[in-house]
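To start, the structure itself, in structure tokens.
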Amino acid sequence: ETGVTQTPRHLVMGMTNKKSLKCEQHLGHNAMYWYKQSAKKPLELMFVYNFKEQTENNSVPSRFSPECPNSSHLFLHLHTLQPEDSALYLCASSQGRPSSYNSPLHFGNGTRLTVT
Amino acid sequence: AQKITQTQPGMFVQEKEAVTLDCTYDTSDQSYGLFWYKQPSSGEMIFLIYQGSYDEQNATEGRYSLNFQKARKSANLVISASQLGDSAMYFCAMRVARDMRFGAGTRLTVKP
């Protein structure tokens, strides 16, 4: 099993669809993250979960709804998206203690989302 | 608030030569980590190297080294003996507690 697995790799959805992105980590980490990467923009932190508790919501529109049922799984539920939401969505995990600033984030391969 | 700046949108280097990618940061925290990631065209983010704010020696990992100048708040990545496979986007990042923020990235192209 690779460290952080994201499914699907590619997703095309209409603006009225509802879909979910899935992320699973096998590294024993307790913090999980969603990042959005749009063309020609820096990675944008969307959500952070630590021990299943959401610790950050970076002013993300409500059409993105995260879910973290346990420290190994993270979902991003999508509904009524806009074309500008098309991007690469990256999941990551790390040790989540505040003193863990020396722990790198380990990323999945991402889901490339296209909203038509 | 944390801020990471990468001022080089694109860089070119000849194969087998060394290249330096610039990164400056700003934070009021004393404890922080600095990271470099590589992102090939396939999209995955690959962790390359880490430097802690209290580390006095520059970090090295194989052909990668991090030139850490704390007073200048800079954390430049040096890649020695560039290879064609080094062509990718490179991101500098800073972590304070659980929060990791990234710079805009530098696209490195290695020429044969």
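The values are calculated or read from the model by the stated rules, or taken from the named source; none is laboratory data. Quick caveat, the model's predicted, so the values are computed rather than measured. For neighbour counting, all protein chains shown are included, and Cβ atoms are generated from backbone atoms with ideal geometry for every residue, glycine included.
Annotation: of all residues in the range B:34-57 being more than 9 Å from the chain's Cα centre (by Cα) and buried (at least 21 other Cβ atoms within 10 Å of the Cβ), the one that is modelled with the highest pLDDT is B:Q51.
Listed by first and then second residue, the pairs linking a residue in the range B:71-82 that is on the phi > 0 side of the Ramachandran plot and of a type outside the set (K, R) to a residue that is at pLDDT 95 or above and surrounded by fewer than 16 Cβ atoms within 10 Å (Cβ to Cβ), with Cβ atoms under 9 Å apart and 6 or more places separating them unless they lie on different chains, are B:A81/B:E15; B:A81/B:K16; B:A81/B:E17; B:A81/B:A18; B:A81/B:R63. Of the listed requirements (1) surrounded by fewer than 17 Cβ atoms within 10 Å (Cβ to Cβ); (2) within 8 Å of chain A (Cβ to nearest Cβ); (3) among the hydrophobic types (A, V, I, L, M, F, W, C), B:F12 misses just one: (2). Do we find that A:P104 is of a type outside the set (S, T, Y), more than 27 Å from A:V12 (Cβ to Cβ) and either free of Cβ contacts under 8 Å to residues at least 24 places away in the same chain or assigned to a strand (DSSP E or B) (or both) in this structure? Yes. Just one of the listed residues (B:T20, B:T106, B:T5) is under 10 Å from the mean Cα position of the chain (by Cα), modelled with pLDDT of 95 or more, under 25 Å from A:F47 (Cα atoms) and more than 9 Å from every other protein chain (Cβ to nearest Cβ), namely B:T106.
Evaluate the following for A:T16: is it touching a residue at least 24 places away in the same chain (Cβ under 8 Å), in a strand (DSSP E or B) and either more than 27 Å from B:Q30 (Cβ to Cβ) or within 12 Å of another protein chain (Cβ to nearest Cβ) (or both)? Walk me through how you get there before you give the answer.
Details: touching a residue at least 24 places away in the same chain (Cβ under 8 Å): yes; in a strand (DSSP E or B): no; either more than 27 Å from B:Q30 (Cβ to Cβ) or within 12 Å of another protein chain (Cβ to nearest Cβ) (or both): yes.
Here the answer is no, as A:T16 does not meet what is asked.
Contact annotation: residue pairs with Cβ atoms under 7 Å, 6 or more positions apart or on different chains, pairing a residue in the range B:39-54 that is more than 7 Å from chain A (Cβ to nearest Cβ) with a partner that is at pLDDT 95 or above and exposed (fewer than 15 other Cβ atoms within 10 Å of the Cβ), are B:L48/B:E61; B:I49/B:E61. Just one residue in the set A:S72, A:S94 is within 14 Å of chain B (Cβ to nearest Cβ), in contact with a strand residue (DSSP E or B) (Cβ under 9 Å, 6 or more places away or on another chain) and surrounded by 14 or more Cβ atoms within 10 Å (Cβ to Cβ); that residue is A:S94.
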